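Encoded as structure tokens, the structure appears first; notes follow it.
We did not get these values from a lab; they are worked out from the coordinates using the rules stated. Keep in mind it's a predicted model, so treat the numbers as computed, not measured. Cβ atoms come from the backbone with ideal geometry, glycine included; neighbour counts cover every protein chain shown.
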Amino acid sequence: MAISPPRGQIRGVSEKPEILYRNGLAVLRHVREAPPFMRYDARADAFVASGHRLAEVRAWVAERGIVTDTGEYDVAVADSPPFFDPRVPRDYQQTAVDRWLASGGRGSVVLPTGADKSFVALLALHATGGRACVVAPTRALVAQWYGQLADAFGAERVAAWYGDEKVLAPITVTTYHSAFPLLEHYGDRFDARRGARP
């Protein structure tokens, strides 16, 4: 079931449909109906939902064959990122990645100390297209993650976003404190389903 705005309130339906991520919201504009979890916002002249539902909005639009304009991005990257890690995954590591992927990339991977969960994260990141916002509790761990990610995927694909350093890349490492404003404004750029853009 889809929802429609109140009669006579929607404007601009002759324009090309858009899917946007703005201020923590998934926005669907220039359409006559939307998924049932969205609501029409007259101020934005668009359907809106919480930003974590962006993938569901994209899936709903794709199921209906709606061609959308997704906007431009400032950093273009290759479709399939390089992966420079000579380690071979152990069976339990590959099983963890496979199960995580089977659940739609949602959930937690729980392994004991020393099981190299960081390597599992690198494998998962590579399997999903090499886009992510990695959140670490301290600046020291941001630096550690930055080094591991740059070694695995190339320094040109990795950036840090915290304090005075605010650089955006397909893989961006940040602190808890800086993650909120970063994801509020740029959260959709880390969605692996975006194609060749961060």
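Going by how many other Cβ atoms sit within 10 Å of their own, how do LEU141, LEU182 line up, fewest first? Working shown, then result.
Values: LEU141 14, LEU182 20.
Ascending Cβ contact count within 10 Å gives the list LEU141, LEU182.
Show me, bin by bin at 5 Å from 0, the whole-percent P(r) of segment 22-63 based on Cα pairs.
With 5 Å bins starting at 0, P(r) equals 6, 27, 38, 23, 6, 0.
Test of understanding: what is the full-extension gain from ASP45 to TYR186, defined as 0.36 nm times their sequence separation minus their Cα-Cα distance?
48.7 nm
Please report Rg over Rh for segment 140-196, where both radii come from the alpha carbon positions and Rh follows the Kirkwood definition.
On the way: Rg = 11.1 Å, Rh = 11.7 Å.
Result: Rg/Rh = 0.95.
Add +1 for every Lys or Arg and -1 for every Asp or Glu among the other residues with Cβ under 12 Å from the Cβ of ALA124, and state the total. Working shown, then result.
Details: positive: ARG99, ARG106, LYS117, ARG131; negative: ASP98.
Summing Lys and Arg as +1 and Asp and Glu as -1 gives +3.
For THR113, THR68, THR138, which order do you get if you count the other beta carbons within 10 Å of each Cβ and list the fewest first? If you can, show how the numbers build up before the last one.
On the way: THR113 5, THR68 18, THR138 11.
Result, fewest neighbours first: THR113, THR138, THR68.
At 0.36 nm per residue, and after removing the present C-alpha to C-alpha distance, how many nm does the segment from ASP91 to ALA143 gain when stretched out fully?
Values: separation 52, 0.36 × 52 = 18.72 nm, distance 2.88 nm.
So the chain would gain 15.8 nm between ASP91 and ALA143.
What's the center-to-center distance, using Cα atoms, between segment 83-109 and segment 14-33 in Å?
If you average the Cα positions of each part, the centres end up 33 Å apart.
Dipole of segment 91-194 (Lys/Arg Cβ +1, Asp/Glu Cβ -1, origin at the Cα centre): which of LEU111, ALA143, PHE180 lies farthest to the positive side?
Positive-most Cα among the choices belongs to PHE180.
Could you give the length gained on full extension between HIS177 and VAL109, defined as 0.36 nm per residue of separation minus the Cα-Cα distance, in nm? Kindly include the intermediate steps, with their values, before the conclusion.
Working: separation 68, 0.36 × 68 = 24.48 nm, distance 2.32 nm.
Roughly 22.2 nm would be gained on extension.
What Kirkwood Rh does segment 91-194 have if only Cα atoms enter the pairwise 1/r average? Answer in Å.
Numbers: mean 1/r = 0.0706 Å⁻¹.
Evaluated over segment 91-194, this radius sits at 14.2 Å.
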